[in-house]
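K.L.:
This is the structure, below, for whatever I ask next.
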Amino acid sequence: MLKLGKSERSKSMGLELSIKGIKGIFRDVVLYALYRLEEAHGYAIRSFISELLGVYTPSSGILYPTLRELEREGFITSKSSNRRKIYALTPKGREYVESRIEYVEKFLGKVEKAVKILLDIGLLNLLNTIRDLWESDVDVPPDIIVEIKQRVEDVRNILSTLKKK
């Protein structure tokens, strides 16, 4: 079992808080998608969000519970059509999106910039390589982990200097 030291625990707590923030922004992105699409079934919403975010396609396990929650809270409605549910904003949902549209569009702009950086520096390729190793049950030797960690730290330091300017 993986044991976290004190600094790793505080980082994981920060991650947990970030995940709660991500859930909130995901709800906003779903509502924004419906605002732009006017009405749509789940797959169309999923595809629209995937296009918006570039590197993330929400799973059915996150999208449909979010849609049910938004419907329960009165932000959206659904109607059945040819064995599919068609979702649309309620007046309450439209008002909510319009009050947050600037925030959501700013967030989406930041995501677009971040994805471009991730693609440009090859980080997504690195993540795919790690996934391939994991799927192949390849263990990465500790000395290679240390070397990679140092290089990642070097990149982090380079990027951190930009924030200080």
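The values are calculated or read from the model by the stated rules, or taken from the named source; none is laboratory data. This is a predicted model, so every value here is computed, not measured. Here Cβ is always computed from backbone atoms with ideal geometry, including for glycine, and neighbour counts include all displayed protein chains.
K.L.:
Please tell me if GLU153 is part of a helix (DSSP H, G or I), in contact (Cβ under 8 Å) with a residue 40 or more places away in the chain, over 30 Å from LYS79 (Cα atoms) and not assigned by TED's automatic domain parsing to the domain that holds TYR32. If you could, list the steps in order and put the result at the bottom.
P.N.:
Numbers: part of a helix (DSSP H, G or I): yes; in contact (Cβ under 8 Å) with a residue 40 or more places away in the chain: no; over 30 Å from LYS79 (Cα atoms): yes; not assigned by TED's automatic domain parsing to the domain that holds TYR32: yes.
No: the conditions fail for GLU153.
K.L.:
Across the range 83-113, what is the number of residues that are farther than 15 Å from GLU39 by Cα and out of contact with any Gly (no Cβ under 9 Å at 6 or more places or on another chain)?
P.N.:
Summing the residues that are farther than 15 Å from GLU39 by Cα and out of contact with any Gly (no Cβ under 9 Å at 6 or more places or on another chain) in the range 83-113 gives 17.
K.L.:
Being of a type in the set (A, V, I, L, M) and more than 14 Å from VAL30 (Cβ to Cβ) is the filter; apply it to the range 41-92 and report the residue that is surrounded by the fewest Cβ atoms within 10 Å (Cβ to Cβ). Give the steps one after another, and end with the answer.
P.N.:
We begin by selecting, within the range 41-92, every residue of a type in the set (A, V, I, L, M); these are 44-45, 49, 52-53, 55, 62-63, 67, 70, 76, 86, 88-89.
Within this subset, residues satisfying the condition of being more than 14 Å from VAL30 (Cβ to Cβ) are 55, 86.
Values: VAL55: 12, ILE86: 15.
Restricting to residues being of a type in the set (A, V, I, L, M) and more than 14 Å from VAL30 (Cβ to Cβ), the top hit is VAL55.
K.L.:
Being assigned by TED's automatic domain parsing to the domain that holds GLU39 and either out of contact with any Phe, Trp or Tyr (no Cβ under 6 Å at 6 or more places or on another chain) or charged (D, E, K, R) (or both) is the requirement here; does PRO141 meet it? Break it down stepwise before answering.
P.N.:
Working: assigned by TED's automatic domain parsing to the domain that holds GLU39: no; either out of contact with any Phe, Trp or Tyr (no Cβ under 6 Å at 6 or more places or on another chain) or charged (D, E, K, R) (or both): yes.
The answer is no for PRO141.
K.L.:
Test of understanding: among GLY24, GLY14, GLY5, which residue is at pLDDT below 95, within 28 Å of ASP120 (Cβ to Cβ) and exposed (fewer than 11 other Cβ atoms within 10 Å of the Cβ)? Let's see the steps before the verdict.
P.N.:
Details: GLY24 fails: within 28 Å of ASP120 (Cβ to Cβ); GLY5 fails: within 28 Å of ASP120 (Cβ to Cβ).
Selected residue: GLY14, the only one of GLY24, GLY14, GLY5 that is at pLDDT below 95, within 28 Å of ASP120 (Cβ to Cβ) and exposed (fewer than 11 other Cβ atoms within 10 Å of the Cβ).
Listed here are the residues, each with its yes/no results for (1) in contact with a helix residue (DSSP H, G or I) (Cβ under 9 Å, 6 or more places away or on another chain); (2) under 25 Å from TYR56 (Cβ atoms); (3) surrounded by 10 or more Cβ atoms within 10 Å (Cβ to Cβ); (4) of a type in the set (S, T, N, Q).
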{"residue": "LEU123", "(1), (2), (3), (4)": "yes, yes, yes, no"}
{"residue": "LEU127", "(1), (2), (3), (4)": "yes, yes, yes, no"}
{"residue": "ARG131", "(1), (2), (3), (4)": "no, yes, yes, no"}
{"residue": "ASP137", "(1), (2), (3), (4)": "no, no, no, no"}
{"residue": "LYS149", "(1), (2), (3), (4)": "no, no, yes, no"}
{"residue": "ASN157", "(1), (2), (3), (4)": "no, no, no, yes"}
{"residue": "THR161", "(1), (2), (3), (4)": "no, no, no, yes"}
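K.L.:
Which one of these is under 14 Å from the mean Cα position of the chain (by Cα) and free of Cβ contacts under 8 Å to residues at least 24 places away in the same chain: ALA44, ALA114? Break it down into steps so the answer makes sense when it comes.
P.N.:
Values: ALA44 fails: under 14 Å from the mean Cα position of the chain (by Cα).
Answer to the selection: ALA114.
K.L.:
Separate question: Would you mention how many residues in the range 126-150 are over 19 Å from VAL55 (Cβ atoms), of a type in the set (S, T, N, Q) and part of a helix (DSSP H, G or I)?
P.N.:
Total meeting the criteria: 1.
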